[in-house]
Amino acid sequence: MKKALVGLLAFALSLGMAQKTLVFGSNGEPVSLEPGNITDGISIYVQQQIYDTLVAFKPGSTEVTAGLATSWFSSQDGKVWTFRLRQGVRFHDGTELTAEAVKFNVERWWDPKNPTRIDAAARYEIWPYLFGGSKGEPTSILKEIQVVDKYTIRFVLNQPFPAFPAAIASGYFGIASPAAIQKNGSRYGSPTGSAVGTGPFRLVEWRPGEQIVLEKNPNYWKKGFPKVDRVVFRVIKDPAARLAALKAGTIDFTTDIPPANLQDVERDPNLDPVLRPSFNVGYLALNPGYKPLSDPRVRQAIAMAINKKAIVQAFWGKLGLTDGHFTPPPMKAYQSPKVTDYEFSPQKAKALLAEAGYPNGFDLELWYMPVSRPYFPTPKEIAEAMAADLSAIGIRVKLQTKDWASYLNDRKQAPGFQAYMLGWTGDYGDPQNFYDPHFACPISDLFDSTRKPLCVKELGDLLTKAATTPNLEERKRLYQRADELTFNLALRIPIVHSQPLLAKRKNISGWVPSPLGSESFEAIEKR
Amino acid sequence: MWSYLFRRLLGLVPVLFGITLLVFLFLQLIPGDPAQAILGERGTPEQLAALREKLGLNRPLYVQYLTFVRNVLTGDLGTSAVSTIPVAEELKRRWPATFELALAATLVAVVLGIPVGILAAVRKNSLLDTLSMSLSLLGVSMPVFWLGLLLVYLFAVNLHWLPTGGRLSTDLAIDFKPLTGFLILDGLLTLNFQVFWDALRHLLLPALTLGTIPLAILTRITRSAMLEVLSQDYVRTARAKGLAERQVIFKHALKNALLPVITIIGLQFGTLLGGAILTETIFSWPGIGSYIYEGILNRDYPVVQAGVLVVATAFVLVNLLVDLSYALLDPRIQYR
């Protein structure tokens, strides 16, 4: 009897003390857990749990807040950024976070000749992409990294870059333990190597194709976090299978649910749909390198002829919106109040076409993507809907596509595609990250009549000025003007800002999805 | 026998060479630049050029091919261009999953297909015959993807009898360190019956899904082979001399009908070893098929080349085993 009681007690205790494991249904396999070497969203999602960034984003927003740095400021001319680090923070391997460690990390991302880079693949594409270039390149925004003292680091720039803290806050730039990188060599961040940061969870095991196991970091600097003992990333690539696993309770929460499943999730008594704030744009690019499209009136006519509201309603329902702005809703402060979308009017569009000299329309090749993206989950069907709208004003659309790698590449080879669908998801919370890749001179995937990459001088100059102006109010004004200009130019017609659909089981709380595509699981609780 | 085996193995060499050459050439036909596929939307022209250089894509085609062959001959299957993990390491880790699933699916096909095929032949034109042949037609033509999801929704989501996918439950997988990678076997070897039972439960639905098509084919082949044998003179003789029907069927007819059946089992098993992309995808089964498939999508040439080479070798070896088994079944066949 006594034995039975003791057993019962032990059982009750073990229930009470059972480890809380959070199981996340990952829509794919990470490529690498090495920060700065990779841009794929799945890798970044796991990295968000292991690493912290210098500056962080407030949950659910693109507003910056303290991360590993407690404070930061720029010089008067905006060319020097100084960050003060949080003291007493340790990596999972016990080494301390210092300014030297931060410098070590940034040097690896910035300098192609850095000996601690993993050599198997020449990637590290994101630093030069966001910061103008690599070390040694004339376009590089970064000039020098200075360690001021053990806990202070300074970045000297070649030009003012007001978005520097926001850019370095993006999930690509988790700070890793220099000791671990040196110890692991080329195995760092791979399934057989380690991945060591200061984040809420530490890596225990990565079994490719199956699961990644992370354990609570007991020494996490944010007191009281994380809320669970373990996080498991279970790889389930197929969306239907992932939803089934969520329904069966095999996983607790997941991303990348097709919009068509929203009702299904809503109807399930055990599940909650979760919406990620929109931070993307799906657009139709019109290449002025081709004759009729070189006339802005023709491009505007196309913008008027496409019934965007109906298309968004049909393909995204509650999960999308269209408002004429190229930047998504979180960038509202930088959007011009003067921009309201073109009214859908085939009559006006037809009149505008006639005015431009094309009363009987023309032939147009419209390229649609061969892959699904959150901004265009079903590109072909959406393209067909646009083609139907355009045929109403006499534009005879021929739909085209090719494999994804060629699609990305060939649009940049002069004379490029006539009209094509593509989109963008922001890397960090600054309008520069939306405007520069699409409108700064020269525009790599739109061309002028001489087959050279297009440059709209007024817009290009405006964007250069906006990107380097340290004064926030002035920047807002400049980007609002850019909003008006891009709207009138109609080179890229924004079709949708979509909200990716996520889902969780009812016993999961505290999950605040970031507009930037992934977030830390530190605040998530499981009942 | 031994000299036959030696000659067959020697014959493998040109076959495998041909396969590597074909795979290499087909890969060149796939449009798209591997460097662009790896770097995606954000790759700059300089980075693309650097990556092409690193992957050796700038070298003449014959140099690329010869380098690949030379590496294979020295035992180096290459490194994935995407994950930078050696392909051999990944294939070694994944093949037990594929082998286990292929074996289970073949088992499903054999255990159900042969008896049903025999019964259908013995009771030709009966209700059972019509029913089993209609079902097998359905089995061949039903899309695997749809069948798999149907089974998942029925047995996992609604009835909660079986898991939805993977090879082990999350909690068990965290603590259990596999010995051989064959989880059912590992469960037995380590006397961890919880793992054994859990792995078995996880294997059931994918094996059933994957086994459907071989099952249907095997049922039909067994039936037609048996029908042919049953109409032979020696069967009539056996019956005439008063043997029990059971003895006639199993001892005289079945043994002679087995040759085409074994051939089909071998071929099907070989095919399953190549991985079952759809089944592996629905059930998140970490096998070779999905690995090669991902490699194709990512233009990860080393993965596709080495993966196909390994699978092709396995296929050819299975066929060799099938050929050798003929001699065991039919004493008239001898290999010299």
Problem - For segment A:319-470, the Rg and Dmax computed from alpha carbons only, in angstrom - result: 17.0, 50
Exercise for the section: Scan chain A and hand back the longest stretch that contains none of the GluC sites (Glu not before Pro) lying in DSSP loops with at most 16 other Cβ atoms within 10 Å. Expected result: A:64-342
Exercise for the section: Could you state the angle between the C-alpha long axis of helix A:41-50 and the longest principal axis of the C-alpha atoms of chain A, as a value from 0 to 90 degrees rounded to the nearest 10? Expected result: 30 degrees
Handout entry: P(r) of chain B over all Cα-Cα pairs, binned every 10 Å from zero, in whole percent
Key = 5, 20, 25, 25, 17, 6, 2, 0, 0
Practice task
Give the range of the longest stretch in chain B that excludes all chymotrypsin sites (Phe, Trp or Tyr not before Pro) found in loop regions by DSSP and having at most 16 other beta-carbon atoms within 10 Å.
Solution key: B:162-334
Practice task
In debye, nearest 20, what is the charge dipole magnitude of segment A:433-527 about its Cα centre with +1 on Lys and Arg Cβ and -1 on Asp and Glu Cβ, if you could check?
Solution key: 420 debye
Problem - Cα→Cβ-extended label distance, 7 Å offset, between residue A:340 and residue A:291, nm - result: 3.8 nm
Problem - Under 24 Å from the Cα of residue B:251 - lysines, other chains or at least 8 residues apart - result: B:124, B:241
Practice task
Apply the Kirkwood formula to segment B:243-310: the hydrodynamic radius equals the inverse of the mean of 1/r over all pairs of different alpha-carbon atoms; give it in Å with one decimal.
Solution key: 14.6 Å
Exercise for the section: Provide the convex hull volume over Cα atoms per residue for segment A:369-457, in Å³. Expected result: 128 Å³
Completion exercise
For the protein assembly as shown, the Kirkwood Rh over every pair of distinct alpha carbons, in Å, works out to 30.3 Å
Practice task
Note the angle between two axes, namely the Cα long axis of helix A:2-16 and the longest principal axis of the Cα atoms of chain A, as a number of degrees from 0 to 90, rounded to the nearest 10.
Solution key: 30 degrees
Problem - ³J(HN,Hα) computed for each position of segment B:166-171 - Karplus, 6.51 cos²θ - 1.76 cosθ + 1.60, integer Hz, glycine/proline x - result: x, 9, 8, 5, 3, 5
Practice task
Check cross-link reach from residue A:79 to the aspartates and glutamates: straight Cα distance under 15 Å, and skip same-chain residues fewer than eight apart.
Solution key: A:144
Handout entry: Helix-only CD estimate at 222 nm, as mean residue ellipticity for chain A, using -39500 (n - 2.57) per DSSP H run (n ≥ 4)
Key = -8500 deg cm²/dmol
Exercise for the section: Could I have the simple spin-label model distance between residue B:188 and residue B:158, label points 7 Å from Cα toward Cβ, reported in nm to one decimal? Expected result: 3.4 nm
Fill in the blank from the handout: Helix A:239-248: inclination vs chain A longest Cα principal axis, degrees, rounded to 10, gives 40 degrees
Handout entry: Residue exposure sequence - B:252, A:92 - by fewest surrounding Cβ within 10 Å
Key = B:252, A:92
Problem - Prolate/oblate/rounded label for segment A:54-118 (Cα gyration tensor, a/c 1.5) - result: oblate
Exercise for the section: List, in the order given, every pair from A:20/A:216; A:227/B:177; A:291/A:350; A:237/A:526; A:350/A:380 whose Cα-Cα distance in the structure shown is over 20 Å. Expected result: A:227/B:177; A:237/A:526; A:350/A:380
Fill in the blank from the handout: Looking only at aspartates and glutamates whose Cα falls under 13 Å of residue A:222's and that sit 8 or more positions away or on another chain, we get A:52, A:522
Practice task
Measure off 7 Å from each Cα along the Cα-to-Cβ vector at residue A:452 and residue B:67, then give the distance between these two points in nanometres to one decimal.
Solution key: 3.7 nm
Practice task
Using the number of other C-beta atoms within 10 angstrom as an exposure proxy, rank A:103, A:465 with the fewest first.
Solution key: A:465, A:103
Completion exercise
With T = 4 °C, eta = 1.567 mPa s and Kirkwood Rh from C-alpha pairs, the Stokes-Einstein D of segment B:28-180 in µm²/s is about 61 µm²/s
Completion exercise
Over the Cα atoms of segment A:223-368 the radius of gyration and the largest Cα-Cα distance (Dmax), both in Å, equal 21.7, 68
Completion exercise
Rounded to the angstrom and largest first, Cα extents along the principal axes for segment A:425-527 equal 62, 33, 19
Problem - Kyte-Doolittle mean at least 0.0, axial Cα span of 20 Å or more - DSSP H helices of chain B - result: B:2-29, B:87-122, B:127-141, B:193-230, B:255-273, B:301-329
Fill in the blank from the handout: Counting sequence-distant residues (5 or more places) and residues on other chains, those with an amide H built under 5 Å from that of residue A:85 are A:70, A:152, A:153
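Rule-based calculations on the coordinates, nothing more; no lab input. Since the model is a prediction, treat every value here as computed from it, not as a measurement. Heads up, the Cβs are rebuilt from the backbone with ideal geometry, glycines too, and the neighbour counts pull from every protein chain shown.
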